[in-house]
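Notes for the one structure printed next.
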Amino acid sequence: MIAPVASPLSLVAKSAPDRHSMPCEASGGVLTIDLTALESNYRHLSSLVGSARCAGVVKADAYGLGAEVVAKVLLKAGCSTFFVAQLNEATALRSSLPDDVPLCVLNGVAPGTESLCAAAGITPVCNSLDQLIAWSRTAREMNLRLDTIIQVDSGMSRLGMSPAEVDSIAASPDILAPLNLKLVMSHLACGDDPDHPANEAQRREFDRLRAKLPPAPASLANSAGIFLGRNYHYDLCRPGAAVYGIDVGPRAHGIRPVVALKARVAQIREIPANAHVGYGFTFASDRPMRLATLMVGYADGWSRHFSAKGRVWCDDVALPIVGRVSMDSCSIDISALPEGKLKPGDFVELLGPHQSADAAAGRIGTIGYEMLTQLGHRYHRKYR
Ligand SMILES: *Cc1c(COP(=O)(O)O)cnc(C)c1O
């Protein structure tokens, strides 16, 4: 007469719920992305560029914030050109955008991917003469008139055509004959330093090179370039970072923070003097301390470089990270808080009003861009 007992596994839904539909309590951290602030940043940047337009730069999953969601917000705000870095990012995003909205690949078209790129309706930034010739050949073979963007190297020596390559295009008009030249672009290396002489030098070189090509809309400025003034705006600007709330230099006013990150407390512990904390025993207490173990580690993009260097916040109190950051957790010293203030399940601020992504990144020698793009995939994400 023993009632059959359901195995715990039989209680689990047959198809696993996707991570994003799980309750917030199932995650070690909560990442909040303020889409209102993001949209406001985009509109603010657009208002600064006069009759020029702002494209949306949504490479690297929109700097870690979710390319599909971000692209929808930007579309609604009037954005009509999008950039990603790689072809696989473009193919993943293509169906989220209207067919007539250009989706462009900054890193160019790799040899052998031209027909894939053309069939998917994706516009490559041709960064070398070889790329442009291959793209032109693809247009002839597929009997299509394909859009193209040409990037010229105005001094950064990263991507784009050299002056000699630009001369070759100018000398062989048949290369461009089967193509629509939609944009000529280049990229600034020092835009976040408004007084750097490279800005003006790159702008002049950009003008010199594009004058050799058939007339086409022009684009030079990233986020920082927008704040350099009207001479840098041309027809299209390409802001990424500032849309996502990153600080792009001393003139970048009017940008609202977009990202907040909280970590959950797993445990509170009291340790005596001369106790060790974490891998490698790199920290030893010189007095009795109260610690909290947080459920966020380097697998979540909370860098191991924060070991002994980072801090988090509870209300207005800064709490130092002690010992090494582990893969899934890190320890903080909460001795400065009243006893009982933090309990298991409570949250502390990693990124937010007390510590921007730029400020946190600066403590470990990197930049807000890297901080955002490294944010992990285990957080509970809240889009506001
Ligand atoms: C990433 C990138 C941008 C956007 O730069 P931000 O500094 O994030 O505004 C613009 N143009 C090119 C070519 C890029 O690679």
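The values are calculated or read from the model by the stated rules, or taken from the named source; none is laboratory data. In this text the structure is predicted, and so the values were computed from the model without any measurement. Virtual Cβ from ideal backbone geometry, glycine too; neighbours counted across all protein chains shown.
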Could you say which residue among 287, 238, 264, 230 is modelled with pLDDT of 95 or more, under 17 Å from residue 50 (Cα atoms) and away from the ligand (no atom under 15 Å from the Cβ)? 230
Among strands (runs of 3 or more DSSP E) entirely inside the range 284-384, those with 3 or more residues being buried (at least 17 other Cβ atoms within 10 Å of the Cβ) and of a type outside the set (D, E, K, R) are 289-294, 311-314, 317-322, 330-333, 347-351
Determine which single condition residue 216 fails, assuming it passes every other condition in (1) more than 11 Å from residue 188 (Cα to Cα); (2) within 12 Å of the ligand (Cβ to nearest atom); (3) among the small types (Gly, Ala, Ser). (2)
Quick check on the range 157-193: of everything there that is of a type in the set (Gly, Ala, Ser) and in contact (Cβ under 8 Å) with a residue 24 or more places away in the chain, which residue is farthest from the ligand (Cβ to nearest atom)? 177
Take residue 240 and tell me if it is on the phi > 0 side of the Ramachandran plot and either over 21 Å from the mean Cα position of the chain (by Cα) or not hydroxyl-bearing (Ser, Thr, Tyr) (or both). no
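If we keep just the residues of the range 92-117 that are β-branched (Val, Ile, Thr) and away from the ligand (no atom under 14 Å from the Cβ), which is surrounded by the most Cβ atoms within 10 Å (Cβ to Cβ)?
We begin by selecting, within the range 92-117, every residue β-branched (Val, Ile, Thr); these are 101, 105, 109, 113.
When the remaining residues are screened for being away from the ligand (no atom under 14 Å from the Cβ), the result is 101, 109, 113.
Numbers: 101: 16, 109: 26, 113: 18.
Taking the candidates together, the pick is 109.
Being under 24 Å from the mean Cα position of the chain (by Cα) and modelled with pLDDT of 95 or more, is that true of even one residue in the range 162-180? Before you say what the answer is, go through the steps one by one.
First pass over the range 162-180, keeping only residues under 24 Å from the mean Cα position of the chain (by Cα): none.
The answer is no; no qualifying residue exists.
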So residue 207 passes all but one of these: (1) under 26 Å from residue 303 (Cβ atoms); (2) of a type in the set (Asp, Glu); (3) without any contact (Cβ under 8 Å) to a residue 12 or more places away in the chain. Which condition number does it fail? (1)
Could you tell me whether any residue of the range 43-65 is modelled with pLDDT of 95 or more, buried (at least 23 other Cβ atoms within 10 Å of the Cβ), of a type outside the set (A, V, I, L, M, F, W, C) and over 23 Å from residue 242 (Cα atoms)? no
Expected output for the range 243-269 (first residue on the phi > 0 side of the Ramachandran plot, partner of a type in the set (Val, Ile, Thr), Cβ below 9 Å, 6+ apart or cross-chain) is 245/255; 245/258; 245/259
Check on residue 221, hydrophobic (A, V, I, L, M, F, W, C), more than 30 Å from residue 315 (Cα to Cα), outside any strand (DSSP E or B) and more than 16 Å from the ligand (Cβ to nearest atom): no
Condition check: within 8 Å of the ligand (Cβ to nearest atom) and not in a loop (DSSP other than H, G, I, E, B). Does residue 248 satisfy that? no
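Consider residue 101 carefully, then state whether it is β-branched (Val, Ile, Thr) and not in a loop (DSSP other than H, G, I, E, B). Before the answer, list the steps.
Numbers: β-branched (Val, Ile, Thr): yes; not in a loop (DSSP other than H, G, I, E, B): no.
Criteria not met by residue 101.
Look through the range 181-198, keep the residues that are more than 27 Å from residue 137 (Cβ to Cβ) and either modelled with pLDDT under 95 or not charged (D, E, K, R) (or both), and return whichever of them is surrounded by the fewest Cβ atoms within 10 Å (Cβ to Cβ).
First pass over the range 181-198, keeping only residues more than 27 Å from residue 137 (Cβ to Cβ): 188-198.
Checking the rest, the ones that are also either modelled with pLDDT under 95 or not charged (D, E, K, R) (or both) come to 188-191, 194, 196-198.
Details: 188: 23, 189: 16, 190: 19, 191: 23, 194: 16, 196: 15, 197: 9, 198: 16.
Within the range 181-198, the match that is surrounded by the fewest Cβ atoms within 10 Å (Cβ to Cβ) is 197.
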All but one of (1) free of Cβ contacts under 8 Å to residues at least 40 places away in the same chain; (2) farther than 21 Å from residue 36 by Cβ; (3) touching a helix residue (DSSP H, G or I) at 6+ places or on another chain (Cβ under 8 Å); (4) surrounded by fewer than 16 Cβ atoms within 10 Å (Cβ to Cβ) hold for residue 89, so report the exception by its number. (4)
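Which one is surrounded by the fewest Cβ atoms within 10 Å (Cβ to Cβ), of the residues in the range 118-139 that are in contact (Cβ under 8 Å) with a residue 24 or more places away in the chain and over 16 Å from residue 169 (Cβ atoms)? Quick ask: steps written out before the conclusion?
Of the range 118-139, the ones in contact (Cβ under 8 Å) with a residue 24 or more places away in the chain are 118, 120-129, 132-136, 138-139.
If we keep only those that are over 16 Å from residue 169 (Cβ atoms) as well, we get 118, 120-123, 138.
Values: 118: 20, 120: 14, 121: 17, 122: 23, 123: 24, 138: 22.
Going through the qualifying residues, I end up with 120.
With 221, 216 as the choices, which residue is surrounded by fewer than 19 Cβ atoms within 10 Å (Cβ to Cβ) and either in contact with a helix residue (DSSP H, G or I) (Cβ under 8 Å, 6 or more places away or on another chain) or without any contact (Cβ under 8 Å) to a residue 24 or more places away in the chain (or both)? Write out each step before concluding.
On the way: 221 fails: surrounded by fewer than 19 Cβ atoms within 10 Å (Cβ to Cβ).
Within the list 221, 216, the selection yields 216.
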State all residues of the range 257-276 that are β-branched (Val, Ile, Thr) and within 33 Å of the chain's Cα centre (by Cα); if no residue qualifies, say none. 258, 259, 265
Taking the residues in the range 135-155 that are of a type in the set (A, V, I, L, M, F, W, C), under 30 Å from the mean Cα position of the chain (by Cα) and more than 19 Å from residue 221 (Cα to Cα) as candidates, determine which candidate is farthest from the ligand (Cβ to nearest atom). 146
